[in-house]
């Protein structure tokens, strides 16, 4: 998130302070837009900047951009923009709102973040953590007809985004339960799931064997439901599942 006040040094050192402030405002506004906030909230930041710039244009301090008075005005403008941004983000919540009757209907990437939109207008912003966590996709399943049949609601980085972790895990279990995988041994399944052209397949196989305690030659069609789930959990761990931060708007 671009906070105007954090750009103070760049603005103060600029030979064109008004242009620098406007640039900082545009960056902050773009960030707010990426979070899916409505137009009224996004207008708060450039509005504060416009007011500050108008005051600066009418100030004799512009005659000496490096003077104390000009520096003071720039700091005041940056502080005011920070306050506007803080007010705009006041509605953000890190505790989940009531989603009892809400349904996740779409998802998209915003930089490294993933935005999940609900049918009651709430937007869930998933940031930090691993891609698999942000996408609610424990197995890092690529977007595909299979993923769409198993409740994919969007994509990010070429991977499916599922409405929640449980749905993503069900999709992974369903994939391992297809005839393609059921005919393979544990090692064979991992070799297909994570081919050596893209992964360290040998390390992956060793990890899954160690985590599940299952024979590397055991066919998946002989797995119990609990063993399939154990395999799915091992895949989730190897794929780097790491929790990040969830914010709601």
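Sorting 152, 239 from the fewest to the most surrounding beta carbons within 10 angstrom yields 239, 152. Under 1.5 on a/c is rounded, so check that first for the range 112-249, then, if it is not, pick prolate when a/b is larger than b/c and oblate when it is not; a ≥ b ≥ c are the square roots of the alpha carbon gyration tensor eigenvalues. Because a/c hits 1.5 or more and a/b exceeds b/c, the range 112-249 counts as prolate. Working from Cα pairs under 8 Å separated by at least six residues, relative contact order for the range 104-248 is 28 percent. Exposure proxy shown here: for 214, 229, the number of other Cβ atoms within 10 Å sets the order, fewest to most, as 229, 214.
Laboratory data are not the source of any read-out in this text; all were calculated from the coordinates shown. None of these values were measured; they are calculated from a predicted model. Heads up, the Cβs are rebuilt from the backbone with ideal geometry, glycines too, and the neighbour counts pull from every protein chain shown.
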